[in-house]
1. Which one of B:ARG81, B:ARG75, B:ARG113, B:ARG88 is open to solvent by 50 Å² or more (accessible area, probe 1.4 Å), over 18 Å from the mean Cα position of the chain (by Cα), within 12 Å of another protein chain (Cβ to nearest Cβ) and within 23 Å of B:VAL9 (Cα to Cα)?
2. Of the conditions (1) touching a residue at least 12 places away in the same chain (Cβ under 8 Å); (2) surrounded by fewer than 21 Cβ atoms within 10 Å (Cβ to Cβ), A:SER289 clears all except one; give me its number.
3. Mind telling me which of the residues B:GLU135, B:GLU122 ends up being away from chain A (no Cβ under 14 Å), free of Cβ contacts under 8 Å to residues at least 24 places away in the same chain and among the acidic types (Asp, Glu)?
4. In this structure, does B:ALA157 turn out to be within 22 Å of the chain's Cα centre (by Cα), open to solvent by less than 10 Å² (accessible area, probe 1.4 Å) and touching a residue at least 60 places away in the same chain (Cβ under 8 Å)?
5. Taking the stretch A:232-268, which residues are open to solvent by 20 Å² or more (accessible area, probe 1.4 Å), under 17 Å from the mean Cα position of the chain (by Cα) and away from chain B (no Cβ under 11 Å)?
6. Would you pick out the residues in the stretch B:36-69 that are open to solvent by 20 Å² or more (accessible area, probe 1.4 Å), among the aliphatic types (A, V, I, L, M) and farther than 21 Å from B:ARG87 by Cβ?
7. Considering only residues that are at pLDDT below 90 and either of a type in the set (S, T, N, Q) or assigned to a loop (DSSP other than H, G, I, E, B) (or both), which ones fall in the stretch A:283-294?
8. Whether any residue in the stretch A:353-362 is open to solvent by less than 20 Å² (accessible area, probe 1.4 Å), part of a helix (DSSP H, G or I) and at pLDDT 95 or above is what I want to check.
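The values are calculated or read from the model by the stated rules, or taken from the named source; none is laboratory data. Note that the structure is predicted; figures quoted are calculated from it, not measured. Glycine also receives a Cβ, built like all others from the backbone with ideal geometry; neighbour counts cover every protein chain displayed. Note: areas computed on protein heavy atoms with side chains; ligands, DNA, RNA excluded. Shrake-Rupley method; radii C 1.70, N 1.55, O 1.52, S 1.80 Å.
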Amino acid sequence: MPIPSAALEVETAAQGPVRKRVRVSGAWTFEHLKTRRGDLTPAIEALEREPPEHVAWDLTDVAELDDVGAVWLARAIRAAPRVEVAARHRLLLNQAGEALQVPAAARAPVDPLAPIVTVGRLALDFGEHLRDATMRLGLIAIRAAELSQRPRDLPLRELSAGVFRSGVTALPVTMLVGFLVGIVLTYLSALQLKRYGADLLVINIVGVGVVRELGPMLASIIAAGRSGSAITAQLGVMRVTEEIEALSVMGVSTNARLVLPKVIALAIALPLVTFCTDLAAIAGALLVSRFTLGITPAAFLEALPRAVEVVNFWIGIGKSAVFGFAVAFVACHFGLRVLPNTESLAAGVTRSVVAAITTVIVLDAAFAILLRNVG
Amino acid sequence: MSDSAAEHVVEIEGLLNTVGPGIVLHRDLELRVRRDEVLSLVGGSGSGKSQLLRVMLGLKAPQAGSVRVFGVSWRDPRWKRVRDARRRMGMLFQNGALFSALSVYDNVAFPLRERGGLLEGEVRSIVHAKLAQVELDPSHGALLPANLSGGMVKRVALARALALSPELLVLDEPTAGLDPDRTTRFVRLIKRLREEQRFAVIMVTHDLMPLYELTDRVAVLADQHIIACDTIAAVRRLEHRFVQNFFGPERRRAADGG
C-alpha cells in the first residue's frame, strides 16, 4: 500500500483555550514534500501566526518523518504545549525545534576603517615577504659558497634535469612566440619607416629591440608561466604531503636541496632559451623584410652586426641569467610558503607567477637605467 | 654534554606553545625521554599531541621554554651540530611522507646519500638490508610511493627512518589506518627491531594494543601539560577524566578482544 502524501487538517473551535486542532498525517519526507511547498506553506504559515498555546497538534498519524518534514512542522509547532506525536518521531521533532532556536550567524558589521586596515595589512604582508626573501637569499648564498668549496657535492643530475625541463622543453613555445613577435614588430616598423624612406633602419630597431629587450623578456615571462608555476606547485604539494617536513627532520636544508638546484638550473637555462628566441625573432624579421621592404636575407644579415653592437647581445644574455634566477627564486619562495591546504596551494601558484613577472619587469627597468650609456 | 643529556634523549622544559593569537596549547610543559625506553604520548583529540611532536622535532619554534634533543637545542646557531643531532633520530610520519617523486629504493637511500661518505654499492647493501628488516622484498624497490598500499607506505617510511641506524625513533600514530592484523604485525616488527637495535622510541598513539605491547612509560597530555609520565599501571590509577576514559574497562575489553 502506498503511503499517503503529507496532509494537514485544521479544525477550528469557537471557544475554549484551544482554538485550533491540527491533525497531521501521511509522509512528511523530502521526497513527498518537494512538490508540495506551494500548497502546504500557506497552511503552515497561517499556523505560525497563531499563538502556540492556542493550537493542539496531533501527529500520531504521521507515517514517515525526516529532517525536512520535522523542520517544516517544528516551525509551526514552536512551544505548543499540546503535541501528540508517535514516540519514534519525537526525537526528530524535538531536535528540529531546538535547531530553529539557533540564531543564524550574525553578519559582521561593516568597519568604516576596513580599506585602511586592508592597505596596512597588505603593506605588512609585503614587508614580511621581502624580509623572508632576503633571508632566503642570504641562506642560498651561504649554501652556494659552501658548495663552491666542495664542487663534488653539486647535484649535477638535478641541475641537468632542471636545465632540460625548464630550457629544452620550453624551446618550441618560446621560439614560436619569438618568431611571431619578430614578424609583427618588423611589419609595424616597416610600415612607418617606408614613409620616410628609412627602410634599412628596420634592422636597427628590430635588432636592438629583440636582442636587448624582447628576447630576454619573452623568455622569462614564458618561464614564469611554465617553470615558475611548476616549481611553486611542486614545492606546495611537497608541503601538503609533509615531504618538506620529512626533509627538515632529516637535517636536510630545503634551501640547499630544493631551492639552489632549481635557481641555478633556470639561471643556466634561460640565457640559452633567450639565444634561441633571438634567433627565431630575427628569422621572423628576415622573412618580413624580404617581402615588405625587399631587403634580401643576405643584406639583412650583413647589416645586422653593424646596426647592433655585440654588447647589446651580451646585455640581453646577462639579463636572462638574472631573470632566470629571479623567476626560480620567486617561485621557490612562494612554494615554500604554501600552507597544507588546497586553497593556499592555488593562491600560491597564482601569486608566484604574478610576482615573478612583476619582479622581472622591475629588474628590467633597473637594468635599463643602469646600462643606459652602454650599447 | 651534561649528565642529563647523557641519560635523556629528549628534554623539554617550561614549554609555552601557542597556535594563532592567544590560544595557548601547552604551558609549563615538562617532558624527559630516557635512552632505551619506549615512551608513548597519549591525549585527547585537540590536546596538541601533534603540535608537541612538531615542537620536539624542531618543525615549529615554541614561544618560550627549551627543547633539547641529544643535548642540542634546535635554536643552536651552529647548524652542523643541529644537523648531526637530526641524523641521530628517525621520524615516521603518520602518512609516511615518502618523497613521491622517488622510488622506494631511492627513498630509503635518500638519508644515506645526503649524509655522504658511502660508495653507491654500500648504499645499495644498506638499503636492501633495511628493506629486509621491514619485511619488504628487494623487488619492491623499483615501485613508486603512489603504487603502494597504506601498510607498505608505513613500512617503507619506517625503513627510511631507520636508514641511519638512529638512536631515537619518533612514531606518529604508527598503526592508524591499519587493520588489526597489520597492526599486530607492525607492533611485532617494532618490537623485534628494538631488540636488535636498542633505539629509544617516542610514539603518539590512540591504539591500546601498541601501547600495552611496546610501552615502558606513558606520558599523558591534558590541560596544556603532561599530567603524568609513568608506567601504564601507575598512570591508570590516576583520577583524571581523560585517563579513566582512555584506559576504561570498555576500551580495555575492546583491545583484548581485538
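1. B:ARG81
2. Tallying (1) touching a residue at least 12 places away in the same chain (Cβ under 8 Å); (2) surrounded by fewer than 21 Cβ atoms within 10 Å (Cβ to Cβ), A:SER289 fails exactly one: (2).
3. Of the residues listed, the single one that is away from chain A (no Cβ under 14 Å), free of Cβ contacts under 8 Å to residues at least 24 places away in the same chain and among the acidic types (Asp, Glu) is B:GLU122.
4. When the stated conditions are applied, B:ALA157 passes them.
5. Once the filter is applied, which keeps residues that are open to solvent by 20 Å² or more (accessible area, probe 1.4 Å), under 17 Å from the mean Cα position of the chain (by Cα) and away from chain B (no Cβ under 11 Å), the stretch A:232-268 yields only A:ALA233.
6. B:ALA64
7. Selection gives A:THR292, A:GLY294.
8. Checking the stretch A:353-362: at least one residue is open to solvent by less than 20 Å² (accessible area, probe 1.4 Å), part of a helix (DSSP H, G or I) and at pLDDT 95 or above.
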